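Single-structure report; data block below.
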Amino acid sequence: MHGRRAGDRGRPPPYRRDAKAALADLDRALGLDPDYVQALEARASCHPRAGRYAEAAADIARAAALEAQDLDLAFEHAILVSGTAGLVEARGPWAAFEALLEEHGGQWDAPARVAAPIISRAALGDGAGAERLVAELTATRPYWQVVDDAVLALDELAPIPGADPALLATLRAPLTALRTGVEPGPAALG
């Protein structure tokens, strides 16, 4: 999940769909500036798609050392721990993400602030909380990218040990329907 703010830090769609090309681009960017936090974060989210989990963890650790209060990094860390260790082991990172969101939610716009905890609540097994947030998301007038990010994050949780497939399907269905009816947002324009 990537929050939207001025100077959007969201990753472009090709980075989500073609990990090999994205990794090559991001490696070049980091060759020019090894402290480029957004590139470290994007590369950390691409590494697992190429089966490079240790590299993802290293990139997240490096980026977090540069920006400890970054919501995007906390979310990516929780996703990474979930995928590598399972949802039981990821409870701590998900709880830490939610605490950081509570404290620094102003980093993100309203739709992202509502969409991200849908994923964390699902990961933590709080189906009722996640379903309430899905209903709340519609009221924020979300744009396509934030809904798509939520659907993709739920898809990332699906194969993880400890995931509740019925809950994920229950959450995914209205989000998929919502995604078809919303317009592109700031990330799509910039």
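Among ALA112, ALA61, which is the only one that is open to solvent by less than 20 Å² (accessible area, probe 1.4 Å) and in contact with a helix residue (DSSP H, G or I) (Cβ under 9 Å, 6 or more places away or on another chain)?
Of the residues listed, the single one that is open to solvent by less than 20 Å² (accessible area, probe 1.4 Å) and in contact with a helix residue (DSSP H, G or I) (Cβ under 9 Å, 6 or more places away or on another chain) is ALA112.
Restricting to segment 149-161, and then to whatever is of a type outside the set (Gly, Ala, Ser) and in contact (Cβ under 8 Å) with a residue 40 or more places away in the chain, can you tell me which residue is surrounded by the most Cβ atoms within 10 Å (Cβ to Cβ)?
ASP149
Would you list the helices (runs of 4 or more DSSP H) that sit entirely within segment 55-145 and hold 2 or more residues that are touching a residue at least 40 places away in the same chain (Cβ under 8 Å), over 16 Å from GLU156 (Cβ atoms) and of a type outside the set (S, T, N, Q)?
Where helices (runs of 4 or more DSSP H) fall fully within segment 55-145 and carry at least 2 residues being touching a residue at least 40 places away in the same chain (Cβ under 8 Å), over 16 Å from GLU156 (Cβ atoms) and of a type outside the set (S, T, N, Q), they are 110-123, 127-139.
For ALA99, all conditions in the list (1) of a type outside the set (D, E, K, R); (2) modelled with pLDDT of 90 or more; (3) closer than 23 Å to VAL37 by Cβ; (4) under 15 Å from the mean Cα position of the chain (by Cα) hold save one; what is the number of the exception?
(4)
Just to be sure before I move on: is LEU80 touching a His at 6+ places or on another chain (Cβ under 9 Å), of a type outside the set (S, T, N, Q), closer than 18 Å to GLU41 by Cβ and surrounded by 18 or more Cβ atoms within 10 Å (Cβ to Cβ) in the structure I sent?
Spelling it out, LEU80 is indeed touching a His at 6+ places or on another chain (Cβ under 9 Å), of a type outside the set (S, T, N, Q), closer than 18 Å to GLU41 by Cβ and surrounded by 18 or more Cβ atoms within 10 Å (Cβ to Cβ).
Between GLY92, GLY129, GLY125, which is over 15 Å from the mean Cα position of the chain (by Cα), open to solvent by less than 70 Å² (accessible area, probe 1.4 Å) and at positive phi?
So the residue among GLY92, GLY129, GLY125 that is over 15 Å from the mean Cα position of the chain (by Cα), open to solvent by less than 70 Å² (accessible area, probe 1.4 Å) and at positive phi is GLY125.
Is segment 171-184 home to any residue that is farther than 24 Å from LEU80 by Cβ, in contact with a helix residue (DSSP H, G or I) (Cβ under 8 Å, 6 or more places away or on another chain), open to solvent by 70 Å² or more (accessible area, probe 1.4 Å) and not charged (D, E, K, R)?
yes
The values are calculated or read from the model by the stated rules, or taken from the named source; none is laboratory data. Owing to the predicted nature of the structure, the values given are computational and were not obtained by experimental measurement. Virtual Cβ from ideal backbone geometry, glycine too; neighbours counted across all protein chains shown. Note: areas computed on protein heavy atoms with side chains; ligands, DNA, RNA excluded. Shrake-Rupley method; radii C 1.70, N 1.55, O 1.52, S 1.80 Å.
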